[in-house]
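Notes to accompany the following structure.
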Ligand SMILES: Cc1cc2nc3c(=O)[nH]c(=O)nc-3n(C[C@H](O)[C@H](O)[C@H](O)COP(=O)(O)O)c2cc1C
C-alpha cells in the first residue's frame, strides 16, 4: 500500500529529506531563535551582577588611587572612610540638589540639561558636566586626608576615565589611575603600568605663584611638576597631559579646590 502524503505543514516538513533547503533553513532559524533566547535571558539576569561589579570596580579604583587597596581587603568597609559629595562645577561648591545614590555621571555629562558645551576643549570631551562626584578621605579626627577627583579625556583611541588623588593641600599629587580606556596594550595602555603611575606621587600641580605647572612630556621643564611621557605612545601621553591640565585648571576643579582649602566649598 503506497505511503500517504502528510496533510499538515509540519508533517510535510518532517517528511522532507534532511539535506533539503527548506528543512536546513528551518533548523538554522530554530537554532538561532533558541540561542538568542538564551543570550537574552543571560543578559537580563546578569545585568544586576554587572551593575554591582561595575560599582565595586569603581570603589576598588578609588581605594587604589588613595593607596588603601590590598588584595583581599573588605572594599565596602574601607570605602566607608570616604565621603562622596556632589560638586556643582559652575560654582566649585558642594550641592545637595542631586541625589548621589542615583546620579549617573556619564549620562549626565552627555545630557544638555546637565552639562554645557565646551568652547575650549583640550580634553576632547565635548561637554562639561554641571555636577560631578568627588570623594573626600577623612582622618579619624574628621580632618581632610585626601581629595579624590574624577578625570577623563581622549587619548589616541579612546576616552580614558580615571581618578587623581590629591593631598589635603589640594596641590600635591598622591596618585593617578585610569580604570577605563581602550588604548593599545604595550603602548598607550602603559598608563596602567605601576612604574609609570608611581611617578605621579609627590608631584605638584602648581608652583608657588599658583600657576598650573603639571606636565606630561618627553622633556622635563621643572622636575617637581614633570611626568615622563610614555615611550612610543606620545599621543596617549599628550591626551593625559591635556586632560589633567583641563580638570585641574580653571575649567575643571580649580575653583572647587580653592574653595575647599578656604573652607568655603
Ligand atoms: C597598531 C598601533 C597602535 C598604536 N597605539 C598607540 C596608542 O595606544 N597610543 C599612542 O600614543 N600611540 C600609539 N601608536 C603609535 C602612534 O601612532 C605614534 O606613532 C606614537 O604615539 C608616537 O609616539 P613616539 O613619538 O613616542 O614614538 C600606535 C601605533 C600603531 C601602529
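Please treat every number below as a calculation from the coordinates, not as lab data. Just so we're clear, the structure is a prediction, and the values are computed from it rather than from any experiment. All Cβ positions, even for glycine, are placed from backbone atoms using ideal geometry, and neighbour counts span all protein chains on display.
Note on residue 95/residue 143: beta-carbon distance plugged into 1/(1 + (r/R0)^6) with R0 of 22 Å gives a FRET efficiency of 0.45.
Averaging the sequence gap over all C-alpha pairs within less than 8 Å and six or more residues apart, then dividing by the number of residues, gives the chain a relative contact order of 14 percent. For the chain, the pair-distance distribution built from all alpha carbon pairs, in bins 10 Å wide starting at 0, is 6, 24, 29, 16, 6, 6, 6, 4, 2, 0, 0 percent.
Of all the options 240, 134, 222, the one that moves most in a Gaussian network model of the chain with Cα springs shorter than 10 angstrom is 222. Among beta bridges from DSSP that stay inside the chain, the antiparallel ones total about 90%. Applying 0.36 nm per residue to the separation of residue 44 and residue 219 and subtracting their alpha-carbon distance, the gain on full extension is 58.0 nm. Across all C-alpha atoms in the range 9-57, the radius of gyration and Dmax reach 18.6, 56 Å. When shorter helices are ignored and each DSSP H run of at least 4 residues is given -39500 (n - 2.57), the per-residue value for the chain at 222 nm works out to -11000 deg cm²/dmol. Solvent-free Debye calculation, one equal scatterer per alpha-carbon of the range 1-139: log10 I(q)/I(0) at 0.15 Å⁻¹ equals -0.95.
What's the exposure ranking of 69, 161, going from fewest to most Cβ atoms within 10 Å?
Exposure proxy ranking, most exposed first: 69, 161.
Here the peptides 10-18, 80-88 are ranked by packing, the mean other Cβ count within 10 Å, and the order with the highest first is 80-88, 10-18. Each label point was placed 7 Å from the Cα along the Cα-to-Cβ direction; for residue 81 and residue 199 their separation is 2.9 nm.
Given axes a ≥ b ≥ c from the Cα gyration tensor, I'd like to know whether the range 196-244 is rounded (a/c under 1.5), prolate (a/b larger than b/c) or oblate. Verdict is prolate for the range 196-244.
Each of 141, 104 has some number of other Cβ atoms within 10 Å of its Cβ, and from fewest to most they run 141, 104.
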